[in-house]
Amino acid sequence: MTKKLYSALLTSFNADGSLNEKGTREIVRHNIDVNHIDGLYVGGSTGENFMLQTATKKRIFEIVKDEAGDDCDLIAQVGSIDLQESKELANYVVNDLGYKTISAVTPFYYNFSFPEIKYYYDEIVKDVDANLIVYSIPALTGVSLSLDNFAKLFENPKIIGVKYTNADFFLLERLRNRFPDKKILFGTDEMLLPALSLGVDGAIGSTYNVNAARAQSEIKAFEAGDMKKALDIQHQTNDLISAILNNGLYQTIKLLLQDMGVAAGYTKEPMHKPTPEMESVAHDIYNKYLK
Ligand code: NAY
């Protein structure tokens, strides 16, 4: 497989919202030992990062590095609308923990101008010896970058690519065509196959925590030119993803991991705890698609 598959790492929380370190380590191990994942995206949306305090973010980066070591590639998402926090986290993960690649979500909420967004990225990488992958997720941030915006960001040689969590395939094709040497990691798991056909370098997603084997088979089929098989796998995958989305995305992935023996814990408030009904649906999903 030349294309890389990354899990967007979940964080295990205790019922009171505190970090469950043991459970978080178990999720890391499951991804390495069972999923044979190429890498982990740490501190992203799936990690519930934007609801966490700085100290908790740091502790997660620390225990993930400690648990994973060099067993897989690690990308630390350090972006925040507090630029000082982003810089502090970038400095911490690179200089104290030895992460080689960082990522940062586009700054959100205040409708920042493009020059402000560019300033944010240049500042985050300025003082650290690491490469950065832009995290573009317009559906959650409301921030859409144009092709020319990407061109300006990519002028900085430390900005090596984008985690593209977007369904705009025209823009994706234009990016691939214009920047053959930049890394494009696709972040919408239910549309992996069309993204592969447009030449992405790999994928990062939440559902790979439980469904990596199918995604790896799909990538292998695609690389072998067996489009029928790749599409069949995407159909099965999307039956699974639809069921997960209908039952509550992160809660259900955590319940599925629990069925696999991984202490994935709870989501963080104000995300609600799973109801008995959600638990029962998750067991059915596990038995139907993942056993
Ligand atoms: C991350 O954690 O930052 C991501 O990788 C984002 C990608 C995921 N998007 C969200 C909003 O969770 O994997 C996707 C997504 O969960 C999946 O495609 C199901 O819709």
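For this structure, a couple of remarks:
- The listed residue being part of a strand (DSSP E or B) and either of a type in the set (A, V, I, L, M, F, W, C) or within 23 Å of Val28 (Cβ to Cβ) (or both), out of Leu132, Leu140: Leu132
- Members of the stretch 146-181 found to be open to solvent by less than 40 Å² (accessible area, probe 1.4 Å) and within 16 Å of the ligand (Cβ to nearest atom), listed by number: Gly161, Val162, Lys163, Tyr164, Thr165, Asn166, Leu172
- Within the stretch 26-37, the residues that satisfy the criterion of being under 21 Å from Gln251 (Cα atoms) and open to solvent by 10 Å² or more (accessible area, probe 1.4 Å) are Glu26, Arg29, His30, Val34, Asn35.
- In the stretch 38-82, the residues that are open to solvent by 10 Å² or more (accessible area, probe 1.4 Å), in a loop (DSSP other than H, G, I, E, B) and among the aliphatic types (A, V, I, L, M): Leu52, Ile81
- Restricting attention to the stretch 188-206, the residues that are touching a Leu at 6+ places or on another chain (Cβ under 9 Å) and touching a residue at least 40 places away in the same chain (Cβ under 8 Å) add up to 9.
- Residue within the stretch 251-273 that is out of contact with any Asp or Glu (no Cβ under 7 Å at 6 or more places or on another chain), charged (D, E, K, R), within 13 Å of the ligand (Cβ to nearest atom) and open to solvent by 20 Å² or more (accessible area, probe 1.4 Å) present: no
- Unique residue being in contact (Cβ under 8 Å) with a residue 24 or more places away in the chain and open to solvent by less than 10 Å² (accessible area, probe 1.4 Å) when the list is Asn247, Asn209: Asn209
- Residues of the stretch 221-244 that are open to solvent by less than 80 Å² (accessible area, probe 1.4 Å) and among the small types (Gly, Ala, Ser): Ala221, Gly225, Ala230, Ser242, Ala243.
- For the stretch 279-288, a residue qualifies if it is touching a Leu at 6+ places or on another chain (Cβ under 7 Å) and open to solvent by less than 50 Å² (accessible area, probe 1.4 Å), and the qualifying residues are Ala282, Ile285, Tyr286.
- Of all the numbered requirements in (1) open to solvent by less than 50 Å² (accessible area, probe 1.4 Å); (2) away from the ligand (no atom under 14 Å from the Cβ); (3) over 17 Å from Ile75 (Cβ atoms), Leu132 misses one, and that requirement is (3).
The values are calculated or read from the model by the stated rules, or taken from the named source; none is laboratory data. Please read these numbers as outputs of a predicted model, since none were measured by experiment. Note that we place each Cβ from the backbone using ideal geometry, even for glycine, and neighbour counts take in every protein chain shown. These area figures cover heavy atoms from the full protein model, side chains too; ligands, DNA and RNA do not enter into them. Shrake-Rupley method; radii C 1.70, N 1.55, O 1.52, S 1.80 Å.
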